[in-house]
Amino acid sequence: MASTRDTRTVMIVDSEPAQQRFLSALVSRGGWRSIIADDTDTALAKLGTQDGMALDAVLVDQGAPGLAMAEFVAELRRWRPALPLIVITMRNGVEVAVAAMRAGASDFVQKPIAPDRLLEALDRAAATGGPQGELRPLTEKLRAPLAFEEIIGSSPNFRSALAIAAKAARARVPVMINGRPGTGKEVFARAIHSASPRARGALVMVDCSAVSPGLIGSGLFGHERGAFAGAFDRQVGRLVQADGGSIIIDHVECIPLETQAKLVEFLNTGEVQMIGGTIRQSVDVRIIATSASPLDKLIEAGHFREDLFYALSSAQFTLPSLSERRGDVGPLARHLLARIGGLPGMGPIGITDDALRLLAAYAWPGNVRQLQDVLFRAAVESKTDVLTSADFRAIEATLGGGVSDGDVAINGEAIGVTLYLPDGNLRPLEEIEADVIRLAIGHYRGRMSEVARRLGIGRSTLYRKLSDLGIDTAA
């Protein structure tokens, strides 16, 4: 059982003294006490000490000397099966993360380390009573820029948002993207930049929820040396860094009112003035803002400026929650698995129809981000290259058991055609084709001309297939 917040202990496995000090100071901000191990052998030896027996988590750098990361994780799991373990990887260290998680790691964070993200990972790993199994969230986003044509979704509310985004990309105006956490706001923002005339310019991102409110203004506009306590050096703002390109201001609702006023002035004049500075610099940048909270309510409460809202909302749209477009779950899951299968250390991954029915029946409070995390964990932990309902035990338990064929819609209607055998292998093409034809005959109530037209074949070809496949037209 995890200890109380002010006595939690984490072992930091890292050989660099500067990194040890940085991580120790960082975790102490979250109420963690740290012990240090310079290499993996020392870390394993310390498990049997008094401090080691009181551990609530382990934090290990992929560059720590000693055993290979997967070997270290497997060995630690042998001695302490339930001890949360988080791996710190390089930015391109997804393959290391995959190997470590297959060996039993709980989560991973990438360098450069975002303090809030690391503390969130530690708190989540050590928490009791939270989501279990494949529903445990990942700390890192598995980013992969997508063009508009690669964004999956066919529900009317989603297609409407996609159309507005695609049209806005070609314009020069600011864009406001609303939506609950995990709905894909960052994916849309990056697609807008990539499809815009500014695609060759810089794309800079500022997450206002991950920065102290007092530092958001400095981050956006920059500051001169000595402008405030702690301003030891001159810092160029992110708006200037994005000159000629786009800036994504994520969680714009977190910007304090004083900085909101400066942002309104910038939108009106196109000029940036550093905090503590006197020189004004013209900047050509397109703002793409996102908000996870309804801004109209914040405006009514006096926490968000109405003039800033209208200045940012020349083009705006709201992304629907995944529960509002459940027909998209099936194709979205296949699409995400194709991306996951392309990650270093992974490979092609299929999914059975029974698993898709299970996924479509779940409410997805964390939206597309949660679906991606669940699929990644399931793919990493699966012993085969095809996911079945057995790989989603936590979701099955949440739903209170399995889901029958008629209980849930995928792609907007009941599946009707099974693609996989119970062992996870594909059915023969002849059997699938026969099922599709039967489905079409039933759907169009035996009107064979309509069936042939919808299937894109001639009537004579249809009747020949019926004979070859042994299908009764009364099926």
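Observations, loosely collected:
- Residue list for the range 154-182, filter: touching a residue at least 60 places away in the same chain (Cβ under 8 Å), assigned to a loop (DSSP other than H, G, I, E, B) and out of contact with any strand residue (DSSP E or B) (no Cβ under 9 Å at 6 or more places or on another chain): Ser154, Ser155, Arg180, Pro181, Gly182
- Among the residues of this structure, Trp32 does not count as one that is touching a helix residue (DSSP H, G or I) at 6+ places or on another chain (Cβ under 8 Å) and either surrounded by fewer than 22 Cβ atoms within 10 Å (Cβ to Cβ) or modelled with pLDDT under 90 (or both).
- In the range 50-65, the residues that are more than 18 Å from Gly30 (Cα to Cα) reach residues that are of a type in the set (Phe, Trp, Tyr) with C-beta atoms within less than 9 angstrom, at least six apart or across chains, in these pairs: Gln62/Phe108; Ala64/Phe72.
- When the criteria are applied in full, Phe317 fails the requirement of being assigned to a helix (DSSP H, G or I) and in contact with a Leu (Cβ under 9 Å, 6 or more places away or on another chain).
- The criterion of at least 3 residues that are at pLDDT 90 or above and either of a type in the set (S, T, N, Q) or within 21 Å of Glu186 (Cα to Cα) (or both) is met by the following helices (runs of 4 or more DSSP H) wholly inside the range 215-310: 238-241, 257-269.
- Of all residues in the range 348-359, none satisfies being under 30 Å from Met90 (Cβ atoms), out of contact with any Phe, Trp or Tyr (no Cβ under 9 Å at 6 or more places or on another chain), at pLDDT 90 or above and assigned to a helix (DSSP H, G or I).
- Selected residue (only one of Phe188, Phe158 is of a type in the set (Phe, Trp, Tyr), modelled with pLDDT under 90 and surrounded by 17 or more Cβ atoms within 10 Å (Cβ to Cβ)): Phe158
- Only one of the listed residues (Val403, Val436) is at pLDDT below 90, crowded, with 19+ Cβ neighbours inside 10 Å, over 30 Å from Gly93 (Cβ atoms) and not assigned by TED's automatic domain parsing to the domain that holds Ala74. That residue is Val403.
- Just one of the listed residues (Ala202, Ala242, Ala261) is buried (at least 17 other Cβ atoms within 10 Å of the Cβ) and touching a residue at least 24 places away in the same chain (Cβ under 8 Å), namely Ala242.
- Taking the conditions (1) out of contact with any Asp or Glu (no Cβ under 8 Å at 6 or more places or on another chain); (2) surrounded by 17 or more Cβ atoms within 10 Å (Cβ to Cβ) in turn, Val87 satisfies each one other than (1).
- Considering Ala125, Ala168, the condition of being at pLDDT below 90 and crowded, with 21+ Cβ neighbours inside 10 Å is satisfied by Ala125 alone.
- Checked against the criterion of being surrounded by 15 or more Cβ atoms within 10 Å (Cβ to Cβ) and of a type outside the set (S, T, N, Q), the candidates Gly130, Gly104 yield just one match: Gly104.
- Residue that is farthest from Ser106 (Cα to Cα) [pool: residues in the range 35-62 that are buried (at least 19 other Cβ atoms within 10 Å of the Cβ) and β-branched (Val, Ile, Thr)]: Thr40
The values are calculated or read from the model by the stated rules, or taken from the named source; none is laboratory data. Not measured: the values here are computed from a predicted model. All Cβ positions, even for glycine, are placed from backbone atoms using ideal geometry, and neighbour counts span all protein chains on display.
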